[in-house]
1. Only residues that are open to solvent by 30 Å² or more (accessible area, probe 1.4 Å) and facing chain A (nearest Cβ under 7 Å): list them for segment B:35-53, please.
2. Are there any helices (runs of 4 or more DSSP H) wholly within segment A:193-255 with 3 or more residues that are under 25 Å from residue B:258 (Cβ atoms), and if so which?
3. In segment B:165-186, is there at least one residue being among the polar types (S, T, N, Q), in contact (Cβ under 8 Å) with a residue 12 or more places away in the chain and surrounded by fewer than 22 Cβ atoms within 10 Å (Cβ to Cβ)?
4. Quick check, is residue B:201 surrounded by fewer than 18 Cβ atoms within 10 Å (Cβ to Cβ), free of Cβ contacts under 8 Å to residues at least 60 places away in the same chain and small (Gly, Ala, Ser)?
5. Being under 17 Å from residue A:241 (Cα atoms) and under 23 Å from the mean Cα position of the chain (by Cα), is that true of even one residue in segment A:125-141?
6. Looking at the structure I just gave you, is residue B:81 part of a helix (DSSP H, G or I), away from every other protein chain (no Cβ under 12 Å) and of a type in the set (A, V, I, L, M, F, W, C)?
7. State whether the residues of segment B:149-163 include one that is within 12 Å of chain A (Cβ to nearest Cβ), without any contact (Cβ under 8 Å) to a residue 60 or more places away in the chain and surrounded by 15 or more Cβ atoms within 10 Å (Cβ to Cβ).
8. Which of the residues belonging to segment A:182-214 are farther than 30 Å from residue A:153 by Cβ and β-branched (Val, Ile, Thr)?
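The values are calculated or read from the model by the stated rules, or taken from the named source; none is laboratory data. This structure is a prediction, so every number in the text was calculated from the model and none was measured. Neighbour counts are summed over all protein chains in view; Cβ atoms, including those assigned to glycine, are modelled from backbone coordinates with ideal geometry. With ligands, DNA and RNA removed, areas are computed over all heavy atoms of the protein, side chains included. Shrake-Rupley method; radii C 1.70, N 1.55, O 1.52, S 1.80 Å.
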Amino acid sequence: MTVQSPSARRPALRRPPARRPVHGRPAGAAVPRRGRRRLFGPARLALAVVLVLVFVSPIYLTVVNAFKKEDDIVAGPATPPVHPTLHNLSTALNRPDHLLQLGLRNSLIVVVCSVLLLIPLGSAFSFWISRRRTRPRAVVLAVLAAGLMIPPQVVLLPTIRILTFLGLDHSYPGLILSNLGGGYFSFAVFVYVGFMRAVPDEVVEAARLDGAGGLRIWWTIIMPLVRPATATVAIFLSLWIWNDFLNPQFILGPLQGQTITTGLYLSVGQFQMDYGQLFGIMFLAGVIPVVGYLAMQKQFIAGLTAGSTK
Amino acid sequence: MKPLSHWFRDTSQDLGLRLIAALGLLLYLVFIVVPVFMSLRSSFTDENPLKSGSNWIGFGNYSEMLHDSQLRTSVVFTLLLAAGVTVVANLVGLAFALLLDRTALSYRVLRTVAFLPQVVSGVIVGFVWKTILTQDGLLNTVLRSLHLVHTPVDWLGKPHLAQFSVGVVVAWVLSGFTTVVYLAALQNIPQELYDAGSIDGAGAAQQFRMITLRMVAPATTISVTISLITVLKLYDVIQVLTSGGPANATQSTAQYIVKMAFTNDRFGYASSIAMFLLALSAVIALSVTSILRRREVDL
């Protein structure tokens, strides 16, 4: 499932302001922090830990049960793996249909191609539109904004017909091409436009006086300046395209090699499976985006929050 | 009025940039704008992938929609789901944000963890929750070992219970997102407001109501709007969790479109429902945004 993040409406070349330190206040000072004086230190942290753990318990179940034998799962699904086993993971990886290997590979191809093409498309378009006059710019951006709200089911059928017309239906190039056009493009443009508004006109004018063309200014001056925007766009689009289910399901079709989401749906959904196997597969299928998220979470949160506050 | 030569020079200098920008816009036109109009056109026909050509049937599909009880069920369920999930996910998000609004490393780790449901794909979320919620699933195992229930509860098997379960799962997915949005808003509230509030003698509850809630209003607008849009087009989680069952009780409108198009091969009819969903999403998103915006201005 994808959440369309708020577009970055505010320029944010700088990082979000740092929090003022909590510990800077003398102990017992009269001014309470944010009016919350009841829940202090350890009690508050304990409550936070318990609530967050309950909240993510389905993810916890997936992780611990991926390393447990079937009997142990049924006996105590919530207990940590006392006798850890890699059996579930190796069974998942040794499936005759190579569900995980092929799915992960195919997803990777789609994500990398789509994002590598969407970034120059979105950023060059944003640079171009942000230098246009106000009214045409507002009209074009409003049309693009609609793209964020349109349910994908509305455009799915015509998209398939257009791809059929182009001879690209049921193919990876077709899927990648349709990714380039839709809401993903809108999102990229909104993030980039927000960041580019913060680039002073003088920078562009100076480069132009030095004889640099638009393409050159965009690539050598603008792109380095909006690197945080590129990070935001790349992270979000990678996650959404990786997790996309509807488009791969119907644009690739059941006869093609699957992405990891459609592969899971078609292979795992078809037959009854033991829990160990299921959790093993889920663990391996989910581990790449989760590790990616954990590695990039600073940029991720910064990007998510850039547009959500005024 | 600029001299003509200005435009020529500009064009030659910007040609490459314009080409890339035009390509982006062209792809958007081909894969969003044109499809919306194609869908609109199809919605007035009896288009069917099994036969070539299609007949113009005017408002035939739309009048059929009025009498389609399965569609009505799906629309009611979708609207209830959108409303319920939006309320729950935003309350949970705000509560989590208030709880986790501390700078210590432990709180930052918890924030990172709380967002995880958003990172995992809807298909995985669906399967994992299915193993938890089925009759012999993990939730019933736990409940029985704690002697809370004697006969296992069929969380996904009874229509109303299944609708409730789907709501819980979807709210779960969205709450990680709302938490982060509210956290960002909380962090932007200047400490001075609270200082001034406590000097004026405002208690914690009063400060929360008069300062915190008002200052997170813009975040509420964004968080609520995005939650609504997300649920209105939701497909993957429900498809995996219940496939719309039992007895179509958890079939969202988005799923019904896909079912009409690809299972029943009724492209024309599916397109008219798609048009309806598009209008519904637009009306809900725009009106909710404007109502919440007005609330922001009031403060």
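1. Start the filter on segment B:35-53 by keeping residues that are open to solvent by 30 Å² or more (accessible area, probe 1.4 Å), which leaves B:37-38, B:40-41, B:44, B:46, B:48-53.
Passing the criteria: only B:38.
2. Details: elements: A:201-209, A:214-217, A:227-243.
It comes to A:227-243.
3. Filtering segment B:165-186 for residues among the polar types (S, T, N, Q) gives B:165, B:175, B:178-179.
Adding the requirement that they be in contact (Cβ under 8 Å) with a residue 12 or more places away in the chain leaves B:165, B:175, B:178-179.
Then drop every residue that is not surrounded by fewer than 22 Cβ atoms within 10 Å (Cβ to Cβ), which leaves none.
There is no residue in segment B:165-186 that is among the polar types (S, T, N, Q), in contact (Cβ under 8 Å) with a residue 12 or more places away in the chain and surrounded by fewer than 22 Cβ atoms within 10 Å (Cβ to Cβ).
4. Yes: the conditions hold for residue B:201.
5. At the first step, the residues of segment A:125-141 found to be under 17 Å from residue A:241 (Cα atoms) are none.
Checking segment A:125-141: not a single residue is under 17 Å from residue A:241 (Cα atoms) and under 23 Å from the mean Cα position of the chain (by Cα).
6. Working: part of a helix (DSSP H, G or I): yes; away from every other protein chain (no Cβ under 12 Å): yes; of a type in the set (A, V, I, L, M, F, W, C): yes.
Spelling it out, residue B:81 is indeed part of a helix (DSSP H, G or I), away from every other protein chain (no Cβ under 12 Å) and of a type in the set (A, V, I, L, M, F, W, C).
7. If we filter segment B:149-163 for residues that are within 12 Å of chain A (Cβ to nearest Cβ), which is where we start, we get none.
There is no residue in segment B:149-163 that is within 12 Å of chain A (Cβ to nearest Cβ), without any contact (Cβ under 8 Å) to a residue 60 or more places away in the chain and surrounded by 15 or more Cβ atoms within 10 Å (Cβ to Cβ).
8. So the first thing to find is which residues in segment A:182-214 are farther than 30 Å from residue A:153 by Cβ, and the list is A:195-214.
Residues satisfying the conditions are A:199, A:203, A:204.
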